[in-house]
Amino acid sequence: MSGSTITPWVVGNWKMNPMQANAQQWVEDFTQLLKEQVIDSQSCRIGVAPTTLALLNIKDQLKNSSVDVMTVAQDVSRMAGTGAYTGDISAELLKDSGIDYVLIGHSERREIFGDHPQILNAKIKNALSAGLTVIYCVGESLEQREAGQAEAVVLQQICDIAAVVETEQWKNIVIAYEPIWAIGTGKTASPADAQNMHAKIREGLIQITSEGKNTAILYGGSVKPENAVELAACPDINGALVGGASLDAKSFYQIAHAFAQSK
Ligand code: 13P
């Protein structure tokens with residue numbers, strides 16, 4: 001038991017996976033596991049972030065779940081409202097479709113799609129104004145870590161958003177610390193290293209907002225059933241953002257179960 005009063009979040013980020021039939025099968029399998037052994041939403045908040053194409057189907061299918069499972073968008077437009085922005089989906093459109101959560105700032109968006117801090121701030125501002133809860137991802141590269149810059153990089157990424165998050169909106173921010181070198185590589189930060197960074201993030205948040213002591217800080221990067229218990233035991237690790245292992249309903253269930261048990 002860590003003694004933290006923050007309810008953990010365990011969110012599966014499916015990225016550009018899977019095909020529709022497999023997504024539907026996943027929901028069947030996952031809801032069956034929840035039926036067999038309930039994970040109380042007071043002990044762990046569970047979410048899944050499918051592709052935009054599957055978002056509404058999955059949300060609909062999850063209505064039959066015995067336990068609330070949040071459906072989370074993987075990204076949002078930097079443009080607000082409606083308009084001539086081919087290919088994009090605004091925060092208002094997500095909200096209008098019943099989606100209440102969104103990932104912003106994932107390292108894949110930053111690195112592959114050029115989401116720099118100004119773009120991310122526009123996305124965050126729009127998402128919060130539309131009433132969405134934002135899971136804001138931060139994390140350093142291997143080069144930055146090896147150069148001893150990990151902490152400074154991550155704290156800067158947190159400070160970057162302070163300009164657009166209004167005082168009362170911090171309660172709608174969740175942070176996900178995902179060291180880039182640990183994503184999809186099988187290498188996890190050691191629980192001690194992850195805890196250390198989470199504690200630094202917590203200190204940084206407390207300096208920015210009175211809400212900082214309550215903000216959930218999730219860890220992401222090769223989280224799997226084998227390391228979930230140890231990570232969940234760390235006092236400032238308030239959940240996980242899970243990529244690869246979330247595609248397997250049973251593995252994802254086991255990770256959520258580990259966090260639910262630990263707090
Ligand atoms: P993996 O769990 O596959 O390392 O991915 C982590 C991640 O990027 C979640 O957003």
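A compact table of results
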read-out: Expected-Rg normalisation [2.2 N^0.38 Å, Cα atoms] applied to the range 124-263; value: 1.03
read-out: From the C-alpha gyration tensor of the range 209-249, square roots of 5λ in Å; value: 23, 12, 6
read-out: Inverse mean reciprocal Cα-Cα distance (Kirkwood Rh) of the range 1-62, Å; value: 12.9 Å
read-out: Shape parameters for the range 84-148, alpha-carbon atoms, Rg then Dmax in Å; value: 13.8, 44
read-out: Cα-projected label distance for Asn17 with Asp88, points at 7 Å along beta-carbon direction, nm; value: 2.9 nm
read-out: Kirkwood hydrodynamic radius of the range 49-129, from inverse mean 1/r over distinct Cα pairs, in Å; value: 13.3 Å
read-out: Fraction of beta bridges assigned by DSSP in the chain that are antiparallel (%, nearest 5); value: 0 percent
read-out: Calculated on alpha-carbon atoms, Rg and Dmax of the range 181-263 in Å; value: 12.8, 39
read-out: Packing rank of 152-163, 35-46, where each peptide gets the mean count of other beta carbons within 10 Å, highest leading; value: 152-163, 35-46
read-out: Other-chain or far-sequence residues with amide H under 5 Å of Ala176's (modelled H); value: Tyr136, Cys137, Val138, Leu218
read-out: Taking N as its residue count, the alpha carbon Rg of the range 5-145 over 2.2 N^0.38 Å; value: 1.10
read-out: Low-density loop cleavage sites - trypsin sites (Lys or Arg not before Pro) in the range 151-201, where at most 16 other Cβ are within 10 Å (DSSP); value: Lys187
read-out: Among Ala150, Ala233, Ala84, residue whose mean-square fluctuation peaks in a GNM of the chain (springs only between Cα atoms under 10 Å); value: Ala84
read-out: For the range 145-186, the fraction of alpha-carbon pairs in successive 5 Å shells from zero, as %; value: 5, 17, 24, 21, 15, 10, 7, 1
read-out: Listed pairs Lys35/Lys95; Lys15/Lys125; Lys35/Lys59; Lys171/Lys224 exceeding 19 Å between Cα atoms; value: Lys35/Lys95; Lys15/Lys125; Lys171/Lys224
read-out: Value of relative contact order over the range 80-189, rounded to a whole percent, pairs C-alpha under 8 Å and six or more apart; value: 27 percent
read-out: Chain lengthening between Ile206 and Glu226 when straightened (0.36 nm per residue, less Cα-Cα); value: 4.0 nm
read-out: Segment Ser43-Asp96, extension gain: residue separation times 0.36 nm, minus the distance between their alpha carbons; value: 16.2 nm
read-out: For the range 26-78, the spread of Cα positions along each principal axis, largest first, Å; value: 39, 22, 14
read-out: Volume of the Cα convex hull of the range 143-226, divided per residue and given in Å³; value: 104 Å³
read-out: Rg followed by Dmax, in Å, when the chain is reduced to its Cα trace; value: 17.1, 51
read-out: Per-residue ³J(HN,Hα) for the range 74-86, Karplus 6.51 cos²θ - 1.76 cosθ + 1.60, θ = phi - 60°, Hz, x for Gly and Pro; value: 7, 6, 8, 5, 7, 8, 9, x, 10, x, 8, 10, 3
read-out: Cβ-derived FRET efficiency at R0 41 Å, Gln118 paired with Lys187, nearest 0.05; value: 0.85
read-out: Förster-model FRET efficiency, 25 Å R0, Gln32 and Leu53, C-beta, rounded to 0.05; value: 0.55
read-out: Residue-span extension gain [Ala162 to Ser66] - 0.36 nm each, minus C-alpha spacing; value: 30.8 nm
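Taken together, the values in this text are just the output of simple stated rules run on the coordinates, not laboratory data. Treat the numbers as computed from the prediction; the structure is a model and nothing was measured. Heads up, the Cβs are rebuilt from the backbone with ideal geometry, glycines too, and the neighbour counts pull from every protein chain shown.
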